[in-house]
1. Which one of these is buried (at least 22 other Cβ atoms within 10 Å of the Cβ) and either more than 8 Å from chain A (Cβ to nearest Cβ) or within 26 Å of the chain's Cα centre (by Cα) (or both): B:G499, B:G517?
2. Take B:L439 and decide whether it is touching a residue at least 12 places away in the same chain (Cβ under 8 Å), in contact with a Gly (Cβ under 9 Å, 6 or more places away or on another chain) and of a type in the set (A, V, I, L, M).
3. Among the residues of the range B:351-376, which ones are acidic (D, E) and over 20 Å from B:H411 (Cβ atoms)?
4. Cβ-Cβ under 7 Å, sequence separation 6+ or interchain: first residue in the range B:535-559 and closer than 13 Å to B:D10 by Cα, partner among the β-branched types (V, I, T). Which pairs?
5. Within the range A:78-98, identify whether any single residue is out of contact with any Ser or Thr (no Cβ under 7 Å at 6 or more places or on another chain), over 30 Å from A:E380 (Cβ atoms), buried (at least 16 other Cβ atoms within 10 Å of the Cβ) and within 14 Å of chain B (Cβ to nearest Cβ), and answer yes or no.
6. On the basis of being of a type in the set (V, I, T), more than 8 Å from every other protein chain (Cβ to nearest Cβ) and touching a residue at least 24 places away in the same chain (Cβ under 8 Å), does A:V530 make the cut?
7. In the list B:K335, B:K331, B:K354, which residue meets the criterion of being over 30 Å from B:A215 (Cβ atoms), within 14 Å of chain A (Cβ to nearest Cβ), basic (K, R) and assigned to a helix (DSSP H, G or I)?
8. Which pairs turn up if I take residues in the range B:501-514 that are on the phi < 0 side of the Ramachandran plot and look for partners that are charged (D, E, K, R) with beta carbon separation below 8 Å, at least 6 apart in sequence or on another chain?
There are 2 protein chains.
Amino acid sequence: MPQYKAPLRDIQFVMHELLNAEQHYDKISAYAGTNRELIDGIIEAAADFCENELSPINHSGDQEGCHYEDGVVTTPKGFKEAYQKYIELGYPSLAVSAEHGGQGLPGSIGNAISELVGTANWSWGMYPGLSHGAIRTLEHHGNEQQKQVYLSKLVTGEWTGTMCLTEAHAGSDLGIIRTKAEPNEDGSYAITGQKIFISAGEHDMAENIVHIVLARLPGAPKGTKGISLFIVPKFNVNEDGSIGERNKVRCGSIEHKMGIHGNATCVMNFDSAKGFLIGPENRGLNCMFTFMNVARIGTAIQGLAAAEGSFQGALTYARDRLAMRSLTGPKMPEKEADPIIVHPAVRNMLLTQKAFAEGGRALVYLLSQFADIVEAGDNEEEKKYADNILSLLTPIAKAFLTETGYEAANHGVQVYGGHGFISEWGMEQIVRDTRIACLYEGTTEIQALDLLGRKVLQTQGALLKDFTKIIHKFCEANKDNAAMAEFIEPLTALNKEWGDLTMQIGMKAMQNPDEVGAAAVDYLYFSGYVTFAYLWARMALVAQEKLAGDTTETDFYNAKITTARFYFKKLLPRTRSHVEVIATGVESLMALDAEHFAF
Amino acid sequence: MPQYKAPLRDIQFVMHELLNAEQHYDKISAYAGTNRELIDGIIEAAADFCENELSPINHSGDQEGCHYEDGVVTTPKGFKEAYQKYIELGYPSLAVSAEHGGQGLPGSIGNAISELVGTANWSWGMYPGLSHGAIRTLEHHGNEQQKQVYLSKLVTGEWTGTMCLTEAHAGSDLGIIRTKAEPNEDGSYAITGQKIFISAGEHDMAENIVHIVLARLPGAPKGTKGISLFIVPKFNVNEDGSIGERNKVRCGSIEHKMGIHGNATCVMNFDSAKGFLIGPENRGLNCMFTFMNVARIGTAIQGLAAAEGSFQGALTYARDRLAMRSLTGPKMPEKEADPIIVHPAVRNMLLTQKAFAEGGRALVYLLSQFADIVEAGDNEEEKKYADNILSLLTPIAKAFLTETGYEAANHGVQVYGGHGFISEWGMEQIVRDTRIACLYEGTTEIQALDLLGRKVLQTQGALLKDFTKIIHKFCEANKDNAAMAEFIEPLTALNKEWGDLTMQIGMKAMQNPDEVGAAAVDYLYFSGYVTFAYLWARMALVAQEKLAGDTTETDFYNAKITTARFYFKKLLPRTRSHVEVIATGVESLMALDAEHFAF
């Protein structure tokens, strides 16, 4: 089991050198003065907690799993205690506004901590992670009383939250959910139905659980426009805020699943449970979007965490493990074989993990800065612009980071050879844990449709243009920098191709709407690779500038340039296949009748 | 849990219509007269056994796993009983020559059965599967007495076999193994050392286990040229063939691993265990090659099995599961949503699985025919030619089928959405079970080096030319068939490109041997996609010919053509990225010092 080590130097690089966190915060009055010393101090403290409290219970949590008995869920050994420390250290309230009892720090710092927590122990991190979504929903859509009763307890971490959307027959298609909410005389609602896949739906870590539940009011319109959002507490709350009697919501079972064994994935049965409407009737999905966008960035972080964690594990092994000789002659003739890091194929896997981890970090942090502006920006124009970029990049980040994270996790197993398949080495757990990331909070295919259909084509390309303009400006500004030509030239071409490809698909989609579905996943990958190319080019530029100045960290900055070069040479060419596949259109996908797939 | 259904129609198609099994067998005097009725009867009986005996204990075997206590391994419920039936039905002896007590049927029929067994229950299938390798080793390299004592019992299935190669520090690099063999006075050897990852090393299914063990004689040369091969029985065998006293080989523990839980992966401790030399001293690896080639085709079959099994599961679900409406309007307006098979992205995953499964089947069966000739061909020239093709195609089949099988298994999970992550649906088990296939019997990276380094470049391209000539002839023969142009044109171009690419890499490798390692994996994928393109083009041609004739199965043959078209449009373009990546060479892989991968 590799011990997790927080990548502090790289976090600092992205936060301060690439994205100028201090200047970013100073432009938002709510966050002004959030300086580097403060930020680094917070991150270092969180790193310490993650390395020493969460990482040690990651493998044991996987092996032990959660236990269910008669409605009660017991989390793995150490989970509860770690959670107590976590709330004592004040993490749940970190990025919550002071108005709601929080510390008022920017969400982007919260997301940086989420990466650390998630890499150290994803299953554990989901317990506070789900609360975070509930907090955001209540901050934005709860009424004063709801904020006072529920939000305040979520913010301290005394209670945790969930997100009850999915039903056995309804996952991606929330329009067909059946859980119903019938008005009680006291203004509350009786919620009845069954929800599945409820992460952290029941556990022993907090005294109460606040379920945020999608349900239908009597006579509500069919489909997504007839869904409302409710608070359903595990225990009802007395007038004085104390815990009251048990509400009629009960965990019916927990799922046996591929990974995230330390997290309880619950079937939740609501049997006339008392619930309280959040926001307007039938507008539940709109309110839920706040939750879902947070969750999607959170899931993108799972991809980043998988890439980082598996990279750390694989790198340790590749330096230690001796097998075969380098094809160019022994590199460690005194040993019985060379360490496998001498072999190009092993390096290819390590560099792929590294490029995905560091590129993913850059994307998550960039997105988080836009999210800061959406959350607390001082003027509407800036907020609108940031929201547009965020809307475009969220499905890319969610799908591309989770898919590349899964690929990276598989490279981790592969670098270990047969040992990668064995539990004690920890590599296969990352594969199992992160496989869910490509599924929950909207599958890769759903993200792809969201990107190409809703975000790009439905806006006539407006959101895309906002972003390609940023890339264009960057390319223009650096076109005369000879040392950057190896990055700027291909990036310029790809950025233009992104628009052309969009036009091409848009034209075809006017003839046949299925062209969107046929192109969407490849389009998403293309978009992801170009977005990473932009970020890697920017990182290379920062490194060049530092090297041109007065730095003692030449190895660090040279490694950035080398990794950028690797990315452009070895990963970016994958765009070629996606472009070619998109060009072949929908026909070969739709030709076969459903009954003729097998005989 | 989807119930496994053997794809009999497709097996018949590949065996009889694509590869003309009867003619093939008639050309080999040992197999002459193996007619369609016989073949189909055997396959159907095996299908029945696999569907009704093995498939039902696949998921339970995964959940229960093997249990270890004090050297004793208990297999999951039902495994032992199924094995008894399997040997009663005579399967272990099916493809063993009559000379050695077998039924003398061709290995290609044995491989077809392996697919059925492996798709129904891979973990179970490994127990007899490992025996098969031991049988082949003893058939080819054992002396008369060894054949009489050990081979005869392996052939009946009364005893099982293993393959003890790996040590904790030595997997891919067998040259550094340490297990030693010291001569005893009676001509036997005392084997001492520890082997790990020994599949079926200990279990409760048979009364004795025949370990085939790699070890070093005293004073043997270093490296791979100082390794010898030994038989080490679990129980020594008395003169009269009865089971004697326990030998000093013992299972120390079983591994906890990602998948194949039903198969015992053992640590085997040899403590002066009595062993018997197989073949000449220090030539153990050469003797082992027989075993390894069998094992590599066997592992390729695991990839095919994963593709077929996950395709069956995903197809069932995609037809049943309702979610969202088709973008071109409701297809089942009477239901609350359309079945997900209407969505292009879902179809893309299903067709990818289908193209990999059916293409993989064609490749395995084709290889198996060449293996039949190598095994029992009537003249040396034909045998040599078949061996060349087999040598070239084995690493392609092993790596490409296992990687595409793993991809297909992941599509299976993805089609199920969140349900794919849940054990009871069976999709995640396929992912976990098949992940090992890319690792054992030589990782993908090792296969890639074997292909590009040993098989292609070291022969100056001779083996490759043998195969590209076959493709070339096929293209030439069909170049005027307008209906085939969509396949023949790209195949002709790719076939030529295969040679050009090889030249390009060969030239660079003369400057820097690491260019081979840098290009190998992409080269292997390229080779795999082209090989599949050839097979899919051939399948499309057969289908066209059948449709031009008098057939009632127009849907079946049209589906073949449609799937071929899908393959050419949607999967074959992946070659573009591999070609482009190969062109970028080794530089960006080797630039980073091992100590600068992380800071």
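The values are calculated or read from the model by the stated rules, or taken from the named source; none is laboratory data. Note that the structure is predicted; figures quoted are calculated from it, not measured. Glycine gets a Cβ as well: all are built from the backbone with ideal geometry, and neighbour counts include every protein chain shown.
1. B:G517
2. The answer is no for B:L439.
3. Residues satisfying the conditions are B:D372, B:E375.
4. From the range B:535-559, the pairs are B:A543/B:I561; B:Y557/B:T551.
5. Taking every residue of the range A:78-98 in turn, none turns out to be out of contact with any Ser or Thr (no Cβ under 7 Å at 6 or more places or on another chain), over 30 Å from A:E380 (Cβ atoms), buried (at least 16 other Cβ atoms within 10 Å of the Cβ) and within 14 Å of chain B (Cβ to nearest Cβ).
6. In short, yes.
7. Answer to the check: B:K354.
8. Matching pairs, first to second residue: B:I505/B:E515; B:K508/B:E515; B:A509/B:E515.
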